[in-house]
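Asker: Quick one: structure below, then a few questions.
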Amino acid sequence: MLTLQRAILESVARGADHMEVINQICRLAENLLTNAFSSVMLMDDNNELLNVYAAPSLTPVQIQKINGLRPSPGGGSCGNVIYQQKVQYVSNTFTDERWHDIRHLAYEFNVKSCWSIPIFSAENRVIGTFALSSFEHRESSQFHRMLLEIGSAIIGIALNRNKYQESLRQFEKVFEGS
């Protein structure tokens, strides 16, 4: 795990595209947690809805069905991360009240457990979620929690670096135009 973490951090340090880094983290998580998929969701510009930012194993149709998730007590693991501003571990999406509003998606995608953790901005605001969704009812282990924490931290770094680079490009355009 440490070797893989180092490889991803080296990608960030050498300036790899942030989407490449985020998808690499998602695929790594999926390789380490069998029978599951990972996803990154970010809040929209109005800070009202969550949308899929990366989910390499989901189809465009699945992503479309998940997009526009409103954070709420019944909004699933990711919706609750934003609503409650803390990590959520749901071992049974078919019965847990945190999945009340989107239980139909759990059945449709056969997601039986879902663990989700906040992604933080450079200003320490929750801007999104990193989640592991399993096709099995299961509790998260210490390893799974560590995987989520490390993944979330590196995803946050990649997103913040990208935002900083975009700001620099905008500044350069303004500077060149004057």
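Asker: How many of the residues making up region 13-36 are within 21 Å of Gly76 (Cα to Cα) and either touching a helix residue (DSSP H, G or I) at 6+ places or on another chain (Cβ under 6 Å) or of a type in the set (A, V, I, L, M) (or both)?
Answerer: Residues in region 13-36 being within 21 Å of Gly76 (Cα to Cα) and either touching a helix residue (DSSP H, G or I) at 6+ places or on another chain (Cβ under 6 Å) or of a type in the set (A, V, I, L, M) (or both): 3 in total.
Per-residue answers, yes or no, for (1) on the phi > 0 side of the Ramachandran plot; (2) charged (D, E, K, R); (3) at pLDDT 95 or above; (4) out of contact with any His (no Cβ under 7 Å at 6 or more places or on another chain):
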residue	(1), (2), (3), (4)
Arg6	no, yes, no, yes
Ile25	no, no, no, yes
Leu28	no, no, no, yes
Met43	no, no, yes, yes
Gly68	yes, no, yes, yes
Gly75	no, no, yes, yes
Ala106	no, no, yes, yes
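Asker: Taking region 121-152 on its own, how many of its residues are outside any strand (DSSP E or B) and either polar (S, T, N, Q) or out of contact with any strand residue (DSSP E or B) (no Cβ under 8 Å at 6 or more places or on another chain) (or both)?
Answerer: So the count comes out to 12.
Asker: As an exercise: evaluate Ser152 against (1) small (Gly, Ala, Ser); (2) buried (at least 20 other Cβ atoms within 10 Å of the Cβ); (3) without any contact (Cβ under 8 Å) to a residue 24 or more places away in the chain and give the number of the one condition it does not meet.
Answerer: Unmet for Ser152, out of (1) small (Gly, Ala, Ser); (2) buried (at least 20 other Cβ atoms within 10 Å of the Cβ); (3) without any contact (Cβ under 8 Å) to a residue 24 or more places away in the chain: (3).
Asker: Is there a residue in region 6-24 that is of a type outside the set (Phe, Trp, Tyr), touching a residue at least 40 places away in the same chain (Cβ under 8 Å) and farther than 19 Å from Asn162 by Cα?
Answerer: No, every residue in region 6-24 fails to be of a type outside the set (Phe, Trp, Tyr), touching a residue at least 40 places away in the same chain (Cβ under 8 Å) and farther than 19 Å from Asn162 by Cα.
Asker: Please determine whether any residue of region 119-136 is under 17 Å from the mean Cα position of the chain (by Cα), farther than 26 Å from Ala16 by Cβ, at pLDDT 95 or above and surrounded by 17 or more Cβ atoms within 10 Å (Cβ to Cβ).
Answerer: Scanning region 119-136 turns up at least one residue that is under 17 Å from the mean Cα position of the chain (by Cα), farther than 26 Å from Ala16 by Cβ, at pLDDT 95 or above and surrounded by 17 or more Cβ atoms within 10 Å (Cβ to Cβ).
The values are calculated or read from the model by the stated rules, or taken from the named source; none is laboratory data. The structure presented is a predicted model; accordingly, all values stated were derived computationally and were not measured. We place every Cβ from the backbone using ideal geometry, glycine too, and count neighbours over all the protein chains shown.
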